[in-house]
Amino acid sequence: MSITGGDELVSVVYVSRAKADVGDDTLRDILTESRENNAQSGVTGVLLYRDGRFVQVLEGPRDSVQSLVATITADPRHGDIRIVLDEPIDERQFGDWTMEFRPVATPQRKLPRGFRDSFDDLDAAESPDSAARAVHDIGLWVKARTRA
């Protein structure tokens, strides 16, 4: 993991796999705890879950985000944690949410040519540019769903 100390505002995105089945009660517990802790530490973001995979965007002061990533890494509910984006930001994309949650449905059929699955793109991201594009797309998706 390439997180270093500091007070700069950062966006860190990780992907992980759930080590056990995650039901509604577990997700509710994660969100309640996240919202309380994030409000105290100045962290905002969004958590996505689909088919045993988590994608989470965390935004805030580097020290707070670094501490949170260490906590998540030690959480026995997560496995195969991989940081796919760690970058300084000028403003938050999810500044209104101490932790927004969106379950992401699995496409029931193959996507038409020219369409991308940003969730899968982020999970498979091999470069910061592709990860940043997927995070941007996911942000647009979450905000559109929130307004609807």
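Just so you know, all these numbers are worked out from the coordinates, no wet-lab data involved. As the structure is a prediction and not an experimental result, all values here were calculated from the model. Neighbour counts are summed over all protein chains in view; Cβ atoms, including those assigned to glycine, are modelled from backbone coordinates with ideal geometry.
Annotations for the structure displayed:
- Long-range amide H partners of ILE89 with built H, under 5 Å: LEU9, VAL10, SER11
- Remark: spin-label model distance ARG133-ARG28 equals 4.0 nm, labels positioned 7 Å along the Cα→Cβ axis.
- The packing ranking, built from the mean of other Cβ atoms within 10 Å per residue, places the peptides 58-66, 23-31, 82-90 in the order 58-66, 82-90, 23-31, highest first.
- Estimated FRET transfer efficiency (ASP90, ASP21; beta-carbon r; R0 35 Å; 0.05): 0.35
- Residues with amide H under 5 Å from that of HIS78, placed H, sequence gap 5 or more: LYS19
- Under 5 Å, built H, 5+ apart or other chain: amide partners of VAL84: VAL13, TYR14, VAL15
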